[in-house]
Structure formats: structure tokens, C-alpha cells
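For reference, the structure is listed below as C-alpha cells.
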Amino acid sequence: LGKALANLQGKPWKWLLLGRGPLESILKEKVVEWGIKDQTIFVESVPHDQVPRYINLMSTLVLPSETTYKFKTLTAAGWKEQFGHVLIEAMASKVAVVGSNSGEIPHVIADSGLVFPEGDESALCDRLSSLMEQPELAQNLAKLGYERAMERYTNQALAREQLNFYKQLLES
């Protein structure tokens with residue numbers, strides 16, 4: 001994501017990074033190296049109940065997850081994004097979403113956001129440029145994302161799906 005943003009110099013953007021961890025010091029060095037330090041905002045620790053306030057500051061949320069083979073489970077020899085809950089939070093906040101094609105991200109986003117091949121910084125840069133150059137596209141995707149989140153991912157929608165599942169079991 002950082003490299004893609006570095007290719008968007010001259011365009012109006014800010015990179016908001018929430019959280020902390022072992023990559024923080026590396027990221028702080030990289031933003032200097034990439035020449036985007038002044039456009040990057042690090043917020044070290046945010047209580048979970050405050051996260052929506054930060055999401056609402058965004059015009060776009062990017063989830064650039066990548067498959068890793070550092071971890072093995074009983075059923076798989078690698079890790080892919082399992083769901084990307086933050087996508088639903090952003091969509092429910094009427095924020096446009098962009099995600100890699102890792103794991104379930106494309107299924108969560110569907111046609112209500114933009115997807116790029118994982119690790120492809122040029123494709124990510126293109127998706128971000130499209131949203132910056134076409135504000136109506138960003139607004140439309142934010143609207144579609146909100147509708148998708150409300151139709152599929154609210155507690156009521158999930159309960160309805162579970163009830164339908166049980167009905168199908170009883171009928172078969």
C-alpha cells in the first residue's frame with residue numbers, strides 16, 4: 001500500500017494507520033524512504049469503540065492482505081484473509097473499500113468495491129487513482145457497500161440467513 005501511495009504524489013491523499021505492532025518502526029522508516037512521511041498519520045492505540053470515529057474520517061479503506069506461507073494449520077499450508085471484518089465496518093460507514101484478492105475479500109466486497117491482485121502495487125495504484133479522479137465512482141461504491149452491509153451483515157440479516165439454513169435442514 002505504501003509503495004502504491006508513493007506513486008500517487010501530487011494527488012490529495014492522507015494515509016491513516018491505526019494500531020501498533022512489530023512493523024511500526026519499519027513502516028515509519030519506509031514512509032520516509034518512499035517520500036510520503038508528511039502524508040502519513042500514525043495513531044498508535046485506538047480503543048475498539050473509537051474505531052468507527054476513525055473509519056468515518058476516511059474516504060477509502062484499503063485492505064491489502066497477502067497470502068503467507070509462514071503459518072500452517074491442520075487443513076492448509078498457508079494463511080489467506082478469512083473475512084476482513086474491517087471491510088464490513090467501512091461499508092456500514094459508507095466508506096468506499098478496496099481490497100486484495102486474498103482469501104474471502106473478493107466475496108465480502110463483491111461488486112460494492114474494488115479488488116486488485118494481491119501484491120500488485122501498480123494495480124492498487126490504478127484502483128486508488130480511479131477513486132480520486134472519479135469522485136462519483138467512490139460515492140457510488142460507498143452507497144453500494146452500505147447497502148450490501150445492511151442486507152448481508154447486520155445481526156438481523158445474519159439471523160435470517162441462519163434461520164433459512166435451519167429451515168432447509170428440516171425440509172430435507
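One residue stands out among those in the stretch 35-51 that are more than 18 Å from Leu1 (Cα to Cα) and touching a strand residue (DSSP E or B) at 6+ places or on another chain (Cβ under 9 Å): the one that is surrounded by the most Cβ atoms within 10 Å (Cβ to Cβ), which is Val51.
Met132 satisfies every condition listed in (1) under 19 Å from Glu81 (Cβ atoms); (2) touching a Pro at 6+ places or on another chain (Cβ under 8 Å); (3) in a helix (DSSP H, G or I) except (1). Annotation: Lys80 fulfils all but one of (1) within 23 Å of Thr154 (Cβ to Cβ); (2) touching a residue at least 24 places away in the same chain (Cβ under 8 Å); the unmet one is (1). The set of residues in the stretch 61-80 that are touching a Lys or Arg at 6+ places or on another chain (Cβ under 9 Å) and either at pLDDT 95 or above or not in a loop (DSSP other than H, G, I, E, B) (or both) comprises Val62, Thr68, Trp79.
Beta carbons closer than 8 Å, at least 6 apart along the sequence or on distinct chains, pair a first residue in the stretch 46-64 that is touching a residue at least 12 places away in the same chain (Cβ under 8 Å) with a second that is surrounded by fewer than 19 Cβ atoms within 10 Å (Cβ to Cβ) and part of a strand (DSSP E or B) for Val46/Leu18; Val51/Leu18; Tyr54/Leu16; Tyr54/Leu18; Tyr54/Val43; Leu57/Leu16; Met58/Leu16.
So in the stretch 1-31, with the set limited to residues that are assigned to a loop (DSSP other than H, G, I, E, B) and free of Cβ contacts under 8 Å to residues at least 60 places away in the same chain, which one is farthest from Leu87 (Cα to Cα)? Across the stretch 1-31, the extreme among qualifying residues is Gly10.
The residue of the stretch 1-31 that is nearest to the chain's Cα centre (by Cα), among those that are closer than 24 Å to Met132 by Cβ and surrounded by fewer than 12 Cβ atoms within 10 Å (Cβ to Cβ), is Pro12.
Restricting Val115, Val108, Val97 to residues that are touching a residue at least 40 places away in the same chain (Cβ under 8 Å), in contact with a helix residue (DSSP H, G or I) (Cβ under 6 Å, 6 or more places away or on another chain), closer than 27 Å to Ala4 by Cβ and crowded, with 18+ Cβ neighbours inside 10 Å narrows the list to Val97. Just need a number here: residues in the stretch 32-52 that are part of a helix (DSSP H, G or I), under 20 Å from the mean Cα position of the chain (by Cα) and either basic (Lys, Arg) or more than 24 Å from Ser122 (Cα to Cα) (or both). Number of matching residues: 5.
The values are calculated or read from the model by the stated rules, or taken from the named source; none is laboratory data. None of these values were measured; they are calculated from a predicted model. Here the Cβ is made from the backbone with ideal geometry for all residues, glycine too, and neighbour counts use every protein chain on show.
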